[in-house]
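The values are calculated or read from the model by the stated rules, or taken from the named source; none is laboratory data. Here the structure is a predicted model, which is why all the values come from computation and not from measurement. Methodologically, a virtual Cβ is constructed for each residue, glycine included, from the backbone with ideal geometry; neighbour enumeration extends over all protein chains shown. For accessibility, only protein heavy atoms count, side chains too; no ligands or nucleic acids. Shrake-Rupley method; radii C 1.70, N 1.55, O 1.52, S 1.80 Å.
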Amino acid sequence: MTTDRPNDVLRVYGNTPLRGEVRVRGAKNLVSKAMVAALLGNTRSHLYDVPRIRDVEVVRGLLELHGVRVTDGAEPGELVLDPTNVERANVDEINVHAGSSRIPILFCGPLLHRLGHAFIPDLGGCHIGDRPIDFHLAALRQFGAVVDKTPQGMHITAPNGLQGTKFELPYPSVGATEQVLLTAVLADGVTELRNAAVEPEIIDLICVLQKMGAIITVHTDRVIEIEGVKRLEGYRHRPIPDRIEAASWGAAALATGGDLFVRGARQADMMTFLNVFRSVGGQLEIHDGPDGGIRFYHPGDELRAVAIETDVHPGFMTDWQQPMVVALTQARGLSIMHETVYERRLGYTEALNQMGATIQTYRECLGGTPCRFGRRNFRHSAVIAGPTKLHATDVVIPDLRAGFAHVIAALAAEGCSTVYGVSLINRGYEDFEAKLAGLGAHIERP
Ligand code: EPU
């Protein structure tokens, strides 16, 4: 089994309970958006606690292509973003640089405000679903933008400027909510967004924009109101911690029978995960304070089966699903996972079955709520029968979160697995291999 990057391989020796401490830094899914927001300011921004991950590098490169000066600040993990000389970038360079990242679409509003033009490369689909951008484009058009699709990508202009508008999202999309926020803050007049996403990362982005001078009100029932202002300044911001990474390590402790202290993990952003973790039989200790975190550990007793549905906030995050399924292969009974956010986010379970798991996927909605995918032929529900002994195999990583799940499955399994495509994990997990090694994992590059 190979990938197009033959050196991108990790050998993982199993039967290893992970023990020790890891630190999580600023949330990937906030940091990348806060970097884009810096484009809206007239002065320099300072972003702290930025993880060294591939997605940050991609956004940094895209900002630099547009004339933003990005330098490392005095504090470790600090980025200084200077947008005073923003300029149009070369279309071919944007295409090469963006790769498979979804972030370029969020450059639209800021670039339209700064330059009157934005180019968005063809973003394509991916392993977890089609990931269309129809909500983004509909919202931009309603602000007054004109979208011209070409074979290379989309050219977007705003011949009459951008005007505040009323817009209701068909689904509370994280990206489309960010699109509206980043466009509305400097638009002329008031924008009302209904059915908005309200994930902690969105609220943190609103905090960034408020620091810059924006006027944004979050009402009840997913309504966000943005009063356009004439000018925004730079910000200084310390992001919320990465609750996806924190939960991934928590699930890894459970799956491998280990004991991990995740420094930086914050209870308030992870309550739904913590409830599920406890229902499965995992043990927790929550430490508050500036240097606090959460200890996740396996109690030694048998784990219990649970039924979970992924959902938008405050539901169980779709990105928590994959490592938790690995832990559920070790729970007694039949667990259910109903994935309601992405239509194809259970494909990775095939590799777990090759490792000895018993996971059956279904087209039907097996959760309490029928979802958008129920009658559309997507295998988006899974039944996990456990406990099952896992054994080593060769596996190709399909996407970021599934990749992490495969590696922890390999750590829980008997024998030595070969994992291909591990660099995908570096998109979202800082120092992944070093952290694993520090927790006692026996891994090596062949
Ligand atoms: N959707 C549409 N049309 C659109 C936009 C979204 O149909 O124009 C659909 C999507 O296809 C999906 C659903 O709406 O079925 C939710 O997508 P959303 O827009 O909320 O996701 P996103 O903004 O593209 C972010 C994170 C994802 C995370 C989701 C859900 C970033 C860079 N990505 O994606 O994170 O899973 O929100 O919380 O913030 C990851 O970190 O590995 C990752 C995939």
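Observations
- Taking a ≥ b ≥ c as the square roots of the eigenvalues of the Cα gyration tensor, the chain is classed as prolate, since a/c reaches at least 1.5 and a/b is larger than b/c.
- Sequence ranges 322-333, 375-386, ranked by mean other-Cβ count within 10 angstrom, highest first: 322-333, 375-386
- Antiparallel DSSP beta bridges within the chain, as percent of all bridges there, nearest 5: 75
- Span from the the stretch 1-79 Cα centroid across to the the stretch 274-299 one, whole angstrom: 26
- Gyration tensor verdict on the stretch 28-237 (Cα atoms; rounded if a/c is under 1.5, prolate if a/b is larger than b/c, oblate otherwise): rounded
- Taking 22 Å as the limit for the C-alpha separation, the pairs Lys28/Lys149; Lys166/Lys230; Lys166/Lys211; Lys28/Lys435 exceed it in the case of Lys28/Lys149; Lys166/Lys211.
- Kirkwood-based shape ratio for the stretch 1-109, expressed as Rg/Rh from alpha carbons: 1.07
- Expressed as a whole percent, the accessible surface of the stretch 215-344 that belongs to carbon and sulfur atoms is 47, based on a 1.4 Å probe.
- Taking one quarter of the surface of the C-alpha convex hull of the stretch 315-446 gives a mean projected area of 8.1 nm².
- Selection from Ala196, Ala145, Gly73 lying farthest towards where the dipole of the stretch 28-237 points positive, charges on Cβ: Ala145
- With K and R counted +1 and D and E -1, the other residues having a Cβ less than 10 Å from that of Ala197 yield a net charge of -2.
- One Cα centroid belongs to the stretch 155-189, the other to the stretch 385-434; the line between them spans 38 Å.
- Portion, in percent, of the accessible area of the stretch 346-426 that falls on carbon or sulfur, probe 1.4 Å: 48
- In a simple Cβ point-charge model (Lys, Arg +1; Asp, Glu -1; nothing else charged), the stretch 28-237 has a dipole of about 200 debye relative to its Cα centre.
- For the stretch 84-98, the Karplus equation 6.51 cos²θ - 1.76 cosθ + 1.60, evaluated at θ = phi - 60°, returns couplings of 6, 10, 5, 9, 5, 9, 6, 4, 5, 5, 4, 4, 5, 6, 5 Hz by residue, with Gly and Pro reported as x.
- The charge dipole of the chain, taken about its Cα centre with unit charges on the Cβ of Lys, Arg, Asp and Glu (plus for the first two, minus for the last two), comes to roughly 360 debye.
- Residues whose amide H comes within less than 5 Å of that of Asp188, counting only those at least five positions distant or on another chain, are Leu162, Gln163, Gly164 (H built at 1.01 Å from N in the peptide plane).
- Long-range HN-HN contacts of Arg304 with modeled amide H, under 5 Å: Gly281, Arg332
- By accessible area, using a 1.4 Å probe on protein heavy atoms only, the stretch 25-114 has 42% of its surface on carbon and sulfur.
- Computed over protein heavy atoms with a 1.4 Å probe, the accessible surface of the chain works out to 40 Å² per residue.
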